[in-house]
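The values are calculated or read from the model by the stated rules, or taken from the named source; none is laboratory data. Just so it is clear, the model here is predicted, and its values are computed rather than measured. Positions of Cβ are generated from backbone atoms using ideal geometry, with glycine treated the same way; all protein chains shown enter the neighbour counts. With ligands, DNA and RNA removed, areas are computed over all heavy atoms of the protein, side chains included. Shrake-Rupley method; radii C 1.70, N 1.55, O 1.52, S 1.80 Å.
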Amino acid sequence: MSEVYSVDVQITAPVYDTEVADRVADAITNVFPGAELDHQHGEIVGETHDLSHFSELLHRREILDTARGAFFENRRGDTFSFDLKKQAAFQGVVNFAVGDPDELGEIHVRVRVTEPDVEAFIDHIAPPTQDGQPVETDDR
């Protein structure tokens, strides 16, 4: 791949009294392995610069269109954000949180793209599809 991607990903998730902080941390690292996590009062805050495993999970579940919709819907300038269901993440599954908040709270992810740009990065992690199959782009 010739493109160089430069992204800063911030991940936050509430930890409720009924939850074990380590399990919430596991939910995050199941989806974002390599994320550096910090337990702060009532929440876990993480940071990563690599979404390749997350992208793999999107491909595996064949939810690229759903992902693209979530990313573009919450795009602000050079950032996009989305929420994931914590319970699904415990299982290593990506499930976007839409509508009513989950009782356990959600994993909130904010991605700031420095290089090349937001659209190109979204195309990289969740390529456009045709008939449910990823459409190859020129740079692959």
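The dipole here belongs to the stretch 38-119: it is taken about the Cα centre, uses +1 on the Cβ of Lys and Arg and -1 on the Cβ of Asp and Glu, and is about 120 debye. Relative contact order of the chain, taken over Cα pairs closer than 8 Å and 6 or more residues apart, is 33 percent. Using just its DSSP H runs of length 4 or more, each adding -39500 (n - 2.57), the chain gives a mean residue ellipticity at 222 nm of -9000 deg cm²/dmol after division by all residues. If the chain linking E103 and E73 were pulled fully straight, counting 0.36 nm for each residue of separation and taking away their Cα-Cα distance, it would gain 8.5 nm. Taken one residue at a time, the phi angles of the stretch 88-99 give Karplus couplings (6.51, -1.76, 1.60, θ = phi - 60°) of 5, 4, 4, 8, x, 10, 8, 9, 6, 8, 10, x Hz. Gly and Pro are set to x. Hydrophobic long helices, here whole DSSP H runs in the chain with Kyte-Doolittle means of at least 0.5 and Cα atoms spread over 27 Å or more along the helix axis, are not found. Rolling a 1.4 Å probe over the protein heavy atoms of the chain, with every protein chain left in place, gives an accessible area that is 43 percent carbon and sulfur.
Between the listed residues T66, P33, P14, the Cα displaced farthest toward the positive end of the dipole of the stretch 1-86, a dipole computed from Cβ unit charges relative to the Cα centre, is found at T66.
Can you give me the distance in nm between label points at V93 and D38, each placed 7 Å from the Cα along the Cα-to-Cβ direction? It works out to 3.3 nm between the two label points. Rg then Dmax, both in Å and based on the Cα atoms of the stretch 55-132: 12.6, 37.
Please return the longest range in the chain lying between exposed loop sites, taking GluC sites (Glu not before Pro), DSSP loop only, at most 16 other beta-carbon atoms within 10 Å, and leaving the sites out. That gives 20-61 as the longest site-free run. Summed over the residues of the stretch 16-72 and divided among them, the accessible surface reaches 58 Å² per residue at a probe radius of 1.4 Å. The dipole here belongs to the chain: it is taken about the Cα centre, uses +1 on the Cβ of Lys and Arg and -1 on the Cβ of Asp and Glu, and is about 180 debye. A dipole drawn for the chain from +1 and -1 charges on Cβ atoms has a positive end, and of L104, H53, T129 the residue lying farthest that way is L104.
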